[in-house]
Each structure stands twice: as structure tokens, then as C-alpha cells.
Amino acid sequence: MISTLLVANRGEIACRIFRTCAELGIRTVAVHADADEGALHTRLADTAVRLPGSTPAETYLRGDLIVKAAQDAGADAVHPGYGFLSENAEFARAVLDAGLVWIGPPPEAIEAMASKTRAKELMGLAPLREDEVTEADLPVLVKAAAGGGGRGMRIVRRLEELPDALEGARAEAASAFGDGEVFVEPYIERGRHVEVQILADTHGTVRTLGTRDCSLQRRHQKVVEEAPAPGLSPELTEKLLELAVRAARAVSYTGAGTVEFLVADGTPHFLEMNTRLQVEHPVTEAVFGVDLVAEQIRVAEGHALPAEPPRAHGHAVEARLYAEDPANSWAPQAGALHRLAVPDGVRLDTGYADGDTVGVHYDAMLAKVVAHAPTRAEAVRRLAGALERAALHGPLTNRDLLVRSLRHEEFTAARMDTGFYDRHLAVLTEAAPDPYAPLAAALADAHGRSRFGGWRNVPSQPQTKRYEMAGEEHEVHYRHTREGLAADGVRVVRAGADLVVLEVDGVQRRFEVTRHGDRVHVNATTLTALPRFPDPTAQLAPGSLLAPMPGTVVRIADGLTEGAEVRAGQPLIWLEAMKMQHRITAPADGMLTALPVAPGQQVEVGTLLAVVESNQP
């Protein structure tokens, strides 16, 4: 029996595994890079071990250090979580060779399936050779052979884009998974991403736990997942389950795993087998009433799966909350997370607590929110409502996008596919802030001040406050009167420091107000308080390109120097943040007049990266 388990991972998945271990009475060990010393997963574990490393991301790829940490801490088992070394056969062997229990499939199964190229060959498929791609093959997708999560992926629609896509994908894959191998496959534009959860023991039983749909994706990374996959015919569902079992038996698989498909025109196309736990596993747990982490541990201990398979009940939907700006090329965000809370009735899996800092070294996911209900419509409604009422105070998030996505007619009718955001992103990210939020913020701020400090016996100018909201400046006015605070066009029913109630056209509306520095959160709207007198000298040269996020300059376009002529849309600088590479492109045709950064340089939000002087009149 396992007594002490080390999780070779961080963040949300480590916290998730620790929760099950606590329920099973298993002691826990966390590992951490220096940047994670005070992270939630280290605080939840019984023991934490520091891993030395040159960069935080590379630290979690050091299998030798993790095995030593397990031995030093007295652990007798290792769970890899997902990402990092979770699909690394050499790491699995090192764990086993050290006499530890590996919570995962045999290394041989990982080896056969973890590389997508070898997995396709095992299933009778062959990827395209990158040197043989022709116009007739386009569009194609460049993919990392190891790992997933959208990293190391590039869509190529023109042959001349292929070399750059290959180089970028290799660099991103090497950074995220320690393996830069990539391959090329046909890109299906309007398919659905459907997967099958499998669970197998060491006694020959291979069981499927239904399907999941993961079609809502950005940058090939899943955003919304649900179980079961809606709208599939019984025949198609049965075929998917059969293919998943065949894949598992082909490699003598044990433990939890997922077989992924792209379904187009009713036909399943094998994508890959993930030889690990998936991020979206909670929707399957909710529908089948199982704990997949507990099942993984029992299988690793040699127990057989229960004779009676679990039955499905209802529908579950999961949304991934990311610290990112969907309207700005999904740019990741960082900073202090002051508050993260969702209403009762939904499941919250997160690696953060109030007051933690969202860094730049890892994936931008803050949390997963899961709703379960008797029907799909009820589950979707419950999840959208919970997200809408969630308290998210800190970096910009994709919360509004998620709510609108869940309520979009294409999603509610289960007609979505992997091109959903390609078609609808502009509409889903249109700014729709509450017009009364700035006034509520101003009234809350004014509360507590002596009304006689602002009140005058004769009419005078109103009090004025300015806020930035959704990229625009808003100026609001209010007055101190004998009866209290007042504003034109509304009746101020109540004005407290944390709650403002306004009557608008006969309807009372409540506004909950929270402040963190110059950031003011009014219900789900975030404002930035602006100084009363703006600095007239705060100006930048036209054509200035600023870092949209904290990160590292990893590449500058070949031969690019100050004085070079550039064209609109030309990639100039590659910035890496949260294990993804982001291209900084020229805003117009013109001349590069400044390039103050170099490869390897760390930059903060707003750092000047380059200046392009437009040659347009």
C-alpha cells in the first residue's frame, strides 16, 4: 500500500491530487522551483522539496532531481500529473528503477503512444513528411510529437509559411516538454474534438468511461469541455469506444488515459492517445461519480477495477479560467490575484488562493469551474451563471468570453466545432461594460467622507472622478447634499464603501465594489481609477511597440537592425510568456527606428520593444 506520494508537478493538478491523497490517508510531497516556494501546492502538501534549476519551467523537467526529492522525502510513489514529464517514458523508468511506485501506465505504453508520430504509426496512420508537403496538402498542422495543450502547434496555409512554423513549433515544444520533435498532418477546418476516457487495470480489464467534447479551443488549447459529447449517434459513439479500447490493448495500457479523435462528417480521425490524466477529467468524474485519481492509485497498487462498471448520470460542463486577454491575441496576463471565488453549487479546481501572484513562467490557467446537472441545458446554464457571479479580482481574465460562449446559440444547440472562435471571437469579445459601474465606484469611494466636507449652502460644481473602463476613459459627477450623495439621472438608494444601490428607471440595481490599489471591481466590471490631472508628458513616439505581457525575448527576426525597412504584419520579435511564443509584428509599412531589446532579455508589461516609423502620409 502506498503511504507517501510525491506529485512531480505544480499548480492546480498538484492540488487536485493532494485532495484525493488526503481522503485516502496518503501523505504528500510537493516539489517546487524557487518561483513557486510559496505556491498553494507547496502549502497544501505535508512536505515540500526545492528543485534547483536555471529557469522555473526547466526545473520541473529535471527527472533526476524529482526522483532524488522523492527518495529524500521518504515517498514510495510518484504521480506525474499532466504536462511536464507526465508522458516521458525515461522518467517513468527512472521512478521504477529507484524502487518507487509509478502512478501511470508502463513506460513501454508511454513510449508507444506519447510520441504522436509513433502513435499514428501504431494505429496504421503515417504523418506527412515535412519535406514533401505540397500545395495540394494545405492547410496542414505542425504539431509537437510530445505533449499537448496547444504548445508546439502551428497552422500553415501557404507553403512559404512552413519553415517558420516548423522553427517556432520546435522551439515552443522544446521549452514546454524538453523535446523539440514535430510532425505535419492535414488540418481539418470544421471538425469536432471528441475523446474517450479509458481506465485499465493490471488484470486485463479495459473500461471506457464515456465520451467528452472539447471542441471550443483557442490556439489548439481547450477552453470548454463537457461529458458526454452531445449529438453523437449511438453507432458513432460505439465506434469511438471500440477504437479507444483497441488503442489501449495494443500497448497493454494500465491506469487512466484518453484517446482523442477529430470527428468530421460522422467519421472519427485518430489524433493521439494521452497516457496520463487529462485537464478535463472532472467532467467524467461528475457524470460517472468516480475519483479518477483514486482509481489511478488503486490500479498502481495492483487492485482490480470493480466488477460492476459505473453508470453515467446527467451532464457536466467545464470551463477553464485563464489570465489572458482574448481580444488581444489571447495575450497572457500576470500580477496579484486578490480574489478568486465562485458561487456554491459548482466545482472549483485551482492552484491559487487569494493573495497569490500569477507569474509569467507557466500556463495561464487560473482555475477550472465545473457544473453538473441532470441535463446539458441545465449544466450549461448553471456554469454560465456561476461564472457571471464569480469574484475575480486581479489580472484580466477570459471570464466574459466564457459566459458569452456558453450562451451562444451555436454552443447551446451543440453545433460547435474547433473553428468556433475563428468565426465568433470578434463578437464574443466586444466590450459591453456596465455604464453605471464608474458612478457606483465613485459613490463608494465618496462614502465615509464627511458630507459636510463636500456639501455647500449654495450650488457649486459637482465632484468629478475619472476611470478607465474597457480601454475608454469615463468621467462621472456626483454631489453631496443634505440628503446624502446624489447624481443626475438616477436615485442613490444606498452608497456604502462596499455596496451601492441605484434606482435606474424605477428598477433598483446592486453594485458590489472592491478596491485593490487603483483597480476597482464593480460586480463583474473592472475599472482603473485615473488621476484627476493627467501627466501631459506621458507620451510615446508613434509606431511604438510595447510588450503586451511580461516575458522573455527569445528571438529577433533574422537580419533585423535599426534602419531596416519593414512591411505591415511582418514578424519582428518573438516573446515567450507562460510557455507560449507570441509574435510582435510591424503595425505598418515603414522603417524600424528603434530596437532596444535583445534575445534573452526579460521584459515587463509596457516595455518598449521597437519603434516603426510609418512611411504612410
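To keep it simple, each residue is scored yes or no on (1) in the same structural domain as Gln463 (by TED's automatic domain parsing); (2) of a type in the set (A, V, I, L, M); (3) over 30 Å from Ala331 (Cβ atoms); (4) crowded, with 20+ Cβ neighbours inside 10 Å.
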| residue | (1), (2), (3), (4) |
| --- | --- |
| His477 | yes, no, yes, no |
| Gly489 | yes, no, yes, no |
| Arg494 | yes, no, yes, no |
| Leu499 | yes, yes, yes, no |
| Thr514 | yes, no, no, no |
| Gly563 | no, no, no, no |
| Gly569 | no, no, no, no |
| Trp574 | no, no, no, yes |
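Residues in region 221-250 that are within 22 Å of Ile110 (Cα to Cα) and not in a strand (DSSP E or B): 11 in all.
It is to be established whether one or more residues within region 23-45 are crowded, with 17+ Cβ neighbours inside 10 Å, of a type in the set (D, E, K, R) and more than 20 Å from Leu348 (Cα to Cα). Checking region 23-45: at least one residue is crowded, with 17+ Cβ neighbours inside 10 Å, of a type in the set (D, E, K, R) and more than 20 Å from Leu348 (Cα to Cα).
When Ala169, Ala250, Ala165 are screened for being more than 23 Å from Gly314 (Cβ to Cβ) and without any contact (Cβ under 8 Å) to a residue 24 or more places away in the chain, only Ala165 passes. Every residue in region 244-270 that is farther than 22 Å from Arg311 by Cβ and either of a type in the set (S, T, N, Q) or touching a helix residue (DSSP H, G or I) at 6+ places or on another chain (Cβ under 8 Å) (or both), please. Listed by number, the residues that qualify are Ala247, Ala250, Val251, Ser252, Tyr253, Thr254, Phe261, Val263, Gly266, Thr267, Pro268, Phe270.
Number of residues in region 134-160 that are more than 28 Å from Leu61 (Cα to Cα) and crowded, with 17+ Cβ neighbours inside 10 Å: the value is 2.
Yes or no, residue by residue, for (1) of a type in the set (S, T, N, Q); (2) part of a strand (DSSP E or B); (3) closer than 22 Å to Ser54 by Cα:
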{"position": "Pro548", "(1), (2), (3)": "no, no, no"}
{"position": "Thr552", "(1), (2), (3)": "yes, yes, yes"}
{"position": "Arg555", "(1), (2), (3)": "no, yes, yes"}
{"position": "Gly559", "(1), (2), (3)": "no, no, no"}
{"position": "Gly569", "(1), (2), (3)": "no, no, no"}
{"position": "Pro599", "(1), (2), (3)": "no, no, yes"}
{"position": "Gly606", "(1), (2), (3)": "no, no, no"}
{"position": "Leu609", "(1), (2), (3)": "no, yes, no"}
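Among residues that are modelled with pLDDT of 95 or more, within 18 Å of Tyr362 (Cβ to Cβ) and touching a Pro at 6+ places or on another chain (Cβ under 9 Å), Val7 is included.
The values are calculated or read from the model by the stated rules, or taken from the named source; none is laboratory data. Note that this is a predicted model, so its numbers are computed, not measured. Here Cβ is always computed from backbone atoms with ideal geometry, including for glycine, and neighbour counts include all displayed protein chains.
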